[in-house]
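Remarks on the structure that follows.
The values are calculated or read from the model by the stated rules, or taken from the named source; none is laboratory data. All values derive from a computational prediction rather than experimental measurement. All Cβ positions, glycine included, derive from the backbone under ideal geometry; neighbour counts span all protein chains shown.
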Amino acid sequence: MSDITVLTQRLKIYEFSYPVLSSDDCRALVEALESGDTENERMARDLISRNGEIAGLRKRVEELEEIATDYGMKYQRAQDDLKKMALMKSRTVTMPQSDYFASLVAQARVSADKAMRKFPQPNYLLLKVAEEAGEVVQAGVHYAEKRMEWEQVEGEIVQLLAMLIRLVTEGDQINGITPPAAGIQVIEGDNYD
C-alpha cells in the first residue's frame, strides 16, 4: 500500500499533460482511499459512542458540583455558628450565680448596642423578636433532647433579650411601633412602602 501524498506528488510531475498512473499506482491509490474511509468511519463510530459517555460525564459533574456547593454552604453555616458561640462566650459577663438573669441582660445590652449601630432603624424589630423567641424554643427543645449545650441556649436567650431591649428602646419604625419612652418622632402617613 502506498501513501496518498506520494501518489499525488507523482501526479504533479506531469503538470502539463494528463496524469498518468500505472496500474499498481491506481490500485495503491484505491486501497489508500478505501482504508481512509474505513478509518474515518471507525473514528466517527468512536465519537458517536463517546458522545453518550461525555453527556453522562457532564451530568455527573453537574451533580457533583451541586453536592459540593451544598456541603460548602453547610460547612459555612457551621463555621458561622462556631464563631457566634465563641463570640458569645467571650462576651460572658461574670456575675454572682444569685443574679444569673442580670448577667444575661448585661450581655444582651452589649449585643443590643452593637446591633443598633450595625442595623439602625428603620428595621423589622418586632419580627426579629418573634424569630429570636422561636430560636429560644428550638434551642430549649434541643437542650432537652441532649442535642445542644446550655451555653447555646443562653446565647439564644441573650439574642432574644437584645431584640426586646431594642424594641422597648427604639421601637419598630417599619411597623409603626414607637414606645413612649423612646422619644422617636414618627412622621404621620409615612409607613415606608
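Does E145 fit the bill of being surrounded by fewer than 10 Cβ atoms within 10 Å (Cβ to Cβ) and either among the acidic types (D, E) or at pLDDT 85 or above (or both)? Spelling it out, E145 is indeed surrounded by fewer than 10 Cβ atoms within 10 Å (Cβ to Cβ) and either among the acidic types (D, E) or at pLDDT 85 or above (or both).
The listed residues are S49, S103, and the only one of them that is at pLDDT below 85 and either more than 17 Å from L160 (Cα to Cα) or assigned to a helix (DSSP H, G or I) (or both) turns out to be S49. Number of residues in segment 134-182 that are among the aromatic types (F, W, Y) and within 16 Å of Q107 (Cβ to Cβ): the value is 1. In segment 135-160, the residues that are aromatic (F, W, Y) form Cβ pairs under 7 Å with partners that are buried (at least 18 other Cβ atoms within 10 Å of the Cβ), at six or more places apart or across chains, as follows: Y143/V153. Take E151 and tell me if it is in a helix (DSSP H, G or I), surrounded by 14 or more Cβ atoms within 10 Å (Cβ to Cβ), of a type in the set (D, E) and modelled with pLDDT of 90 or more. Considered against the rule, which asks whether it is in a helix (DSSP H, G or I), surrounded by 14 or more Cβ atoms within 10 Å (Cβ to Cβ), of a type in the set (D, E) and modelled with pLDDT of 90 or more, E151 comes out as no.
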